[in-house]
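Structure first, then comments.
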Amino acid sequence: MPELVYTPLEEIPKIHAQMRAGFKTGKLRSIDYRKYQLLQLAYLIKDNKKRLEEALNADLGRPALEGHFLEINSSASEVKEAYSNVEKWAKPEKPGFSLNFTVMRPVVYKEAKGVVLIISPFKYPLWLTLPPLAAAIAAGNTTVLKPSESTPTMSSLLAELIPKYLDSDIVRVVNGSVEEATKLLELQWDHSEFLT
């Protein structure tokens, strides 16, 4: 398993700027491109089940069956759900009837927020990282992941695998502890998720 290497503090604002630039390219406005990235995320899980299982065991002492049941299969299922529903979720909707607005024929268009920060806890290091990432991609956002430093094997594995499977213009991993998390929180995010 790879060793956990913290992201240099001076790199964090550059990564944030790259994600902002990646969002501005409009790549994720395309539903087909979102689906492609979600498919790649599913392949990340499928192709690396054994390594993910070993990381869960190394970090948390989780037996293989428990790791598959609680994290690997659950994550794959949620990524598949995002893949299957992204078109429906992104579709414009007409709000319910209102006598005040019916003449205007209002339509609700769903737009991405921009750059998302996901800070994951240690207790479910895969399940509380990849499904929120899938949701962010399905919504058309670029994302910075900050996995827990308390699960070093899983965090380093994600840092290795994410760039191999996903477009580095839309998803990046920042590893570290308090200093790195503090640096991330000093930056402007369009949406943040602190999972507990």
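Here are a few things to note about the model shown:
- Residues of the stretch 12-40 satisfying the condition of being assigned to a helix (DSSP H, G or I) and without any contact (Cβ under 8 Å) to a residue 40 or more places away in the chain: Lys14, Ala17, Lys24, Asp32, Tyr33, Tyr36
- Tyr124 hydroxyl-bearing (Ser, Thr, Tyr), open to solvent by 10 Å² or more (accessible area, probe 1.4 Å) and under 14 Å from Leu39 (Cα atoms): no
- Single match in Asn73, Asn57 (criterion: under 21 Å from Glu3 (Cα atoms), of a type outside the set (A, V, I, L, M) and in a helix (DSSP H, G or I)): Asn57
- Qualifying residue in the stretch 186-193 (condition: modelled with pLDDT under 95, closer than 28 Å to Glu66 by Cβ and of a type outside the set (A, V, I, L, M)): yes
- Residues (in contact with a Leu (Cβ under 8 Å, 6 or more places away or on another chain) and either among the β-branched types (Val, Ile, Thr) or open to solvent by 40 Å² or more (accessible area, probe 1.4 Å) (or both)) located in the stretch 15-24: none
- Enumerated strands (runs of 3 or more DSSP E) restricted to the stretch 99-196, each holding at least 1 residues that are of a type in the set (D, E, K, R) and in contact (Cβ under 8 Å) with a residue 12 or more places away in the chain: 142-146, 171-173, 191-194
- For the condition open to solvent by 60 Å² or more (accessible area, probe 1.4 Å), more than 14 Å from Asn141 (Cα to Cα) and of a type outside the set (Phe, Trp, Tyr), Leu4 does not qualify.
- Looking across the stretch 53-72 at every residue that is in contact with a Pro (Cβ under 8 Å, 6 or more places away or on another chain) and of a type in the set (D, E, K, R), the one that is least open to solvent (accessible area, probe 1.4 Å) is identified as Glu71.
- Single unsatisfied condition, Ser75 versus (1) open to solvent by 100 Å² or more (accessible area, probe 1.4 Å); (2) closer than 19 Å to Gln40 by Cα: (1)
- The condition (being open to solvent by 30 Å² or more (accessible area, probe 1.4 Å) and in contact with a Phe, Trp or Tyr (Cβ under 6 Å, 6 or more places away or on another chain)) is satisfied by just one residue among Lys27, Lys88: Lys27.
The values are calculated or read from the model by the stated rules, or taken from the named source; none is laboratory data. Just so it is clear, the structure is predicted and the values come from calculations on it, not from any experiment. Heads up, the Cβs are rebuilt from the backbone with ideal geometry, glycines too, and the neighbour counts pull from every protein chain shown. Only protein heavy atoms, including side chains, enter the accessible area calculation; ligands, DNA and RNA are left aside. Shrake-Rupley method; radii C 1.70, N 1.55, O 1.52, S 1.80 Å.
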